[in-house]
Amino acid sequence: MRTISSTKELIAARSELKGSVGLVPTMGALHNGHLSLIKQARMQNDNVIVSIFVNPKQFLPKEDYERYPRREEADQKICTLSGVDIVFMPQSDDIYTQIEPEILAPKNLAYILEGESRPGHFDGVLRVVLKLFNLVRPTNAYFGKKDAQQLYLIQNMVKTLFLSVNIVPCDIVREADGLAMSSRNGYLTQSEKEQALALSIALKNASQAIMKGERDANKVELIMLEALKDLKVDYAKVLSRDFDPRETIVIKETILLIAAFVGKIRLIDNLWI
Ligand code: AMP
């Protein structure tokens, strides 16, 4: 496995690769969620490139950019053991320059839900992902359904900018108790981890009600809020898979989305119905 930190070196290495290339963009502190993306990429491509870059442009000024977990050595070991060919770990000043075009995510999609609490976040996400696509020219790029809105905005960017990359959505990986894996779970104390289970329980209760025949989106949102009553809830929504509000739930066309604070830590989770 090669570790590459410069964009110039990456472009040169990419041009020597034969066959298909799978890209897994991450911010590092790799866990089993990331690993499932890497494994899928390994199965479906001749070459696998994992990028590890804590992207400053997607953090708001008051967010945790500085203290976001950075575990470069452990991450490289995980990548070696997973059969990754290239780990790309650039510095910020190699990715961004002082003068460059802005990339702006579509307002109607990027300023709801995650974007309402984190205005500008998705502009930063799309900017770095577009740069990574241009550097790596991947055949396939792997993204988790955990970040459902991000996935949708990336799919929209690929479609509308006519990018030639296949986006592969990957299922959410959870702890045995149901907690969706996240690099930010490491911020939680043991008791906060227990409180955090309310998110997956809310999704489970909602899906059980839907399986029993409930189709009223408002009632399902109330079921989620009931399970989340001890947390500060940012949103608990029933939406169509293209992120439009829904009064009536349609199976295979619906997504349940939650963001809530456990202490100071903001967690997200979702379930595709
Ligand atoms: P991050 O390092 O948080 O930016 O995540 C990198 C990629 O891994 C994104 O596409 C995430 O959606 C995905 N990911 C993060 N956590 C999980 C999880 N628990 N299950 C599946 N994919 C995940």
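The values are calculated or read from the model by the stated rules, or taken from the named source; none is laboratory data. If you're wondering where the values come from, they're calculated on a predicted model, not measured in any experiment. Cβ placement follows ideal geometry from the backbone for every residue including glycine, while neighbour counts extend to all protein chains displayed. Note: accessible area is taken over every heavy atom of the protein model, side chains too, but ligands, DNA and RNA are not part of it. Shrake-Rupley method; radii C 1.70, N 1.55, O 1.52, S 1.80 Å.
Structure above, values below:
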| read-out | value |
| --- | --- |
| Leading residue by the ranking (most open to solvent (accessible area, probe 1.4 Å)) among those in region 44-55 that are of a type outside the set (A, V, I, L, M) and in contact (Cβ under 8 Å) with a residue 40 or more places away in the chain | Q44 |
| Exclusive hit being within 13 Å of the ligand (Cβ to nearest atom), open to solvent by 20 Å² or more (accessible area, probe 1.4 Å) and at pLDDT 95 or above, set I167, I154 | I167 |
| Residue match in region 194-206 (condition: open to solvent by 50 Å² or more (accessible area, probe 1.4 Å) and in a loop (DSSP other than H, G, I, E, B)) | no |
| Region 210-233, residues that are open to solvent by less than 20 Å² (accessible area, probe 1.4 Å) and in a helix (DSSP H, G or I) | I210, A217, V220, M224 |
| Yes/no for A41 being over 14 Å from V136 (Cβ atoms), of a type outside the set (K, R) and open to solvent by less than 20 Å² (accessible area, probe 1.4 Å) | no |
| Tally, over region 136-162, of residues that are touching a residue at least 60 places away in the same chain (Cβ under 8 Å) and either under 28 Å from A236 (Cβ atoms) or in a helix (DSSP H, G or I) (or both) | 10 |
| For V136: the one exception among (1) within 12 Å of the ligand (Cβ to nearest atom); (2) crowded, with 18+ Cβ neighbours inside 10 Å | (1) |
| Unmet criterion (only one of (1) modelled with pLDDT of 95 or more; (2) open to solvent by 10 Å² or more (accessible area, probe 1.4 Å); (3) within 12 Å of the ligand (Cβ to nearest atom)) for E116 | (3) |
| Hits in region 1-15 (condition: open to solvent by less than 30 Å² (accessible area, probe 1.4 Å), over 24 Å from the mean Cα position of the chain (by Cα) and either outside the structural domain of L130 (by TED's automatic domain parsing) or under 16 Å from I52 (Cβ atoms) (or both)) | A13 |
| Some residue of region 90-110 being buried (at least 16 other Cβ atoms within 10 Å of the Cβ) and assigned to a strand (DSSP E or B) | no |
| Output for region 170-189, where each listed residue is out of contact with any Phe, Trp or Tyr (no Cβ under 6 Å at 6 or more places or on another chain) and near the ligand (Cβ under 10 Å from one of its atoms) | D171, I172, V173, R174, E175, L179, A180, M181, S182, S183, R184, N185 |
| Leading residue by the ranking (farthest from P56 (Cα to Cα)) among those in region 89-135 that are in contact (Cβ under 8 Å) with a residue 24 or more places away in the chain and of a type in the set (S, T, N, Q) | S117 |
| Conditions (1) open to solvent by less than 70 Å² (accessible area, probe 1.4 Å); (2) at pLDDT below 95; (3) away from the ligand (no atom under 14 Å from the Cβ): number failed by K62 | (1) |
| First in region 11-32 and in contact (Cβ under 8 Å) with a residue 12 or more places away in the chain and among the hydroxyl-bearing types (S, T, Y), second anywhere and outside any strand (DSSP E or B) and near the ligand (Cβ under 8 Å from one of its atoms), Cβ under 8 Å, 6 or more apart | T26/H34; T26/L37 |
| The listed residue being assigned to a loop (DSSP other than H, G, I, E, B), in contact with a strand residue (DSSP E or B) (Cβ under 6 Å, 6 or more places away or on another chain), in contact (Cβ under 8 Å) with a residue 24 or more places away in the chain and open to solvent by 10 Å² or more (accessible area, probe 1.4 Å), out of I268, I172 | I172 |
